[in-house]
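What follows is one structure encoded as structure tokens, with my remarks underneath.
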Amino acid sequence: MSKSGRKKKKLWQKILIALGCIIGALLLIVAAFLGWLSANEYRPADEEVVDIDTSFASGEALTDGSSLSIMTWNVGYGTLGDNADFFMDGGNNVITASPERMEVNLAGIEGIISSMSPDILFLQELDRDSKRSYFTDEMEEISTRVRELPEITGGDADKGKYISSFAYNFKTKYVPYPASDPIGKVECGIATFSRYSVDEAKRVSLPCPFSWPIRTVNLKRCLLINRIPVKDKNGNDSGKELVLVNLHLEAYDDGEGKEAQTEIMRGILQDEYDKGNYVIAGGDFNQVFSNVDMSSYPVYEGSWVCGLIETGDFGDDWQFEMDNRVPTCRNLDKPYQGADKDSFQYYMIDGFIVSGNVRVDSVMTQDFQFAASDHNPVLMTVTLGQETD
């Protein structure tokens, strides 16, 4: 081999060695990053007792035969107002609101809760320390401001304020996608507010449909179960409880995750009903009930498709409540402001499952035009101990 040939060979050897070193270094960085994510993965227990915040009130007694109002609302972590679009729904943005717009949304959320003044409130997608919501503790902000509003307390400093509980369902130090603008740190969860005294609040884990390493940066869904003792009409212990189940089921899986989570929930609800308890589950199911007429909300090509809960799978003990006169959710492929409302993509995925020993008196989706969140709240009134006619 000539001298020039040997030089070219050495040059290529050096280039290959350099490339190998670069690739090796990149692989080490990726491995170290995945190891860091795995070491810091949120791994909740199957069941965990969570704190009940009684700093504002100890709660009122609940009596058998009482009528009460319950509202559920996915508040879109304070940044999914009518101006927002989101990349995972076909939109463009990861950060979907400025700090100023987020404050407008949160004020709107607090105002709506104040105006509705429900006895029980289920909230989903409350951020506590997330990049996407500027590391605002929304649970603290909403709970403090709502529980101090005169519309909630009736002007009485010692009556009517909420007690609350919170459970994480998304807790990760860093979500690395999309690569162009990573979601980053997320701490988010669901919260239940009650005017009534709560004996126990518990977080129950649901199966996660994602495998490693996606699992390390994904949601860990759960049920937040509150137990309220029920007194008889003489003020004595009736031996019954009102069991409240707040939930936010899987969204972006292939369908099997939602089905598995729904089956776990179904078993828990049935067990509680078999004990003689009153049972109400509510939240964002990311599924529509099969008894709901969806003809007014067709799914357009390319849009996200929600799951389906077959109500018959639950048996005759249960009532499935969604009000389809107003959609409960909108797609985030584009802002709602200025859009053609007639051809927009809407969904019915928020509602309630109620045991047969509770009479459902009314259920109504509140039409707030998705101003503060990509979901509308749903308000239901019920009477304990009286079956629906």
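The values are calculated or read from the model by the stated rules, or taken from the named source; none is laboratory data. Treat the numbers as computed from the prediction; the structure is a model and nothing was measured. FYI the Cβ positions are ideal-geometry reconstructions off the backbone, even for glycines, and counts take in every protein chain you see. Heads up: the accessible areas ignore ligands, DNA and RNA and are worked out on the full protein's heavy atoms, side chains in. Shrake-Rupley method; radii C 1.70, N 1.55, O 1.52, S 1.80 Å.
Could you give the dipole magnitude of the chain about its Cα centre, charging the beta-carbon of Lys and Arg +1 and that of Asp and Glu -1, in debye to the nearest 20?
With Lys and Arg at +1 and Asp and Glu at -1, about 3240 debye.
Compute the accessible area per residue over the chain, keeping the other protein chains in place, probe 1.4 Å, unit Å².
Numbers: 17170 Å² over 389 residues.
Counting only protein heavy atoms, the per-residue value for the chain is 44 Å².
Which pairs in the list Lys161/Lys185; Lys161/Lys202; Lys161/Lys233; Lys161/Lys231 are over 28 Å apart, alpha-carbon to alpha-carbon? Mind dumping the intermediate values first?
On the way: Lys161/Lys185 32 Å; Lys161/Lys202 21 Å; Lys161/Lys233 23 Å; Lys161/Lys231 20 Å.
With Cα atoms farther than 28 Å apart: Lys161/Lys185.
Once you compute Rg and the Kirkwood Rh from C-alpha atoms, what is the Rg to Rh ratio for segment 107-258?
Checking Rg against Rh, the ratio lands at 1.04.
In whole Å, how far is the Cα centre of segment 59-109 from that of segment 175-197?
Computed from Cα coordinates, the inter-centre distance equals 12 Å.
How much of Ile268 can a 1.4 Å solvent probe reach, expressed as accessible area in Å² and rounded to 10?
40
Express as a percent, rounded to the nearest 5, the fraction of DSSP beta bridges in the chain (both residues included) that run antiparallel.
On the way: 61 of 79 bridges.
Of those bridges, close to 75 percent are antiparallel.
Residue by residue, what Karplus-based ³J(HN,Hα) values in Hz, rounded to whole numbers, does segment 117-132 have, using 6.51, -1.76 and 1.60 with θ = phi - 60° and x for Gly and Pro?
6, x, 6, 10, 10, 9, 10, 10, 6, 9, 7, 10, 6, 10, 4, 5
Count the net charge of all other residues whose Cβ sits under 14 Å from the Cβ of Glu259, scoring Lys and Arg as +1 and Asp and Glu as -1.
After counting each charged neighbour, the total is -4.
Add +1 for every Lys or Arg and -1 for every Asp or Glu among the other residues with Cβ under 13 Å from the Cβ of Ser362, and state the total.
-1
Compute the helix-to-body angle for 3-39: its Cα long axis versus the longest principal axis of the chain, expressed 0 to 90° and rounded to tens.
10
Could you order Glu110, Glu259 so the one with the most accessible surface comes first? Probe is 1.4 Å. Before the final figure, lay out each step's value.
On the way: Glu110 10, Glu259 125 Å².
Ranking Glu110, Glu259 by accessible area, largest first, yields Glu259, Glu110.
Amide H neighbours of Leu80 under 5 Å, counting only residues 5+ apart in sequence or on other chains, H built in-plane at 1.01 Å?
Counting only residues 5 or more places away or on other chains, the set is Asp374.
Can you give the angle from 0 to 90° between the axis of helix 256-274 and the longest principal axis of the chain, with both taken from C-alpha atoms, to the nearest 10?
Tilt of helix 256-274: around 20 degrees.
So how much accessible area does Asp89 have, in Å² to the nearest 10, using a 1.4 Å probe?
Asp89 exposes around 30 Å² with every protein chain in place.
Looking at Ala45, Val204, Phe193, which one has the Cα that reaches farthest to the positive end of the dipole of the chain (charges on Cβ: Lys, Arg +1; Asp, Glu -1)?
Farthest along the dipole direction, towards plus: Ala45.
With all protein chains present, how much of the accessible area of the chain (probe radius 1.4 Å) comes from carbon and sulfur, to the nearest whole percent?
Working: 8990 of 17170 Å².
It is 52 percent, rounded to a whole number.
Roughly what angle does helix 138-148 make with the longest principal axis of the chain, taking Cα atoms, 0 to 90 degrees, to the nearest 10?
20
Tell me, what is the 1.4 Å probe accessible area of Asp293, in Å² to the nearest 10?
90
Please get the size of the charge dipole for segment 1-123, origin at its Cα centre, with Cβ charges of +1 on Lys and Arg and -1 on Asp and Glu, quoted in debye to the nearest 20.
Using only the charged Cβ atoms, the result is roughly 2780 debye.
At 222 nm, what value in deg cm²/dmol follows for the chain if DSSP H runs of at least 4 each add -39500 (n - 2.57) and the sum is divided by all its residues, to the nearest 500?
Details: 5 runs with 89 residues, N = 389.
Taken over the chain, the calculation gives -7500 deg cm²/dmol.
Give the ranking of Cys21, Cys329, Cys208 by solvent-accessible surface, highest area first, calculated with a 1.4 Å probe.
On the way: Cys21 85, Cys329 10, Cys208 45 Å².
The ordering from most to least exposed comes out as Cys21, Cys208, Cys329.
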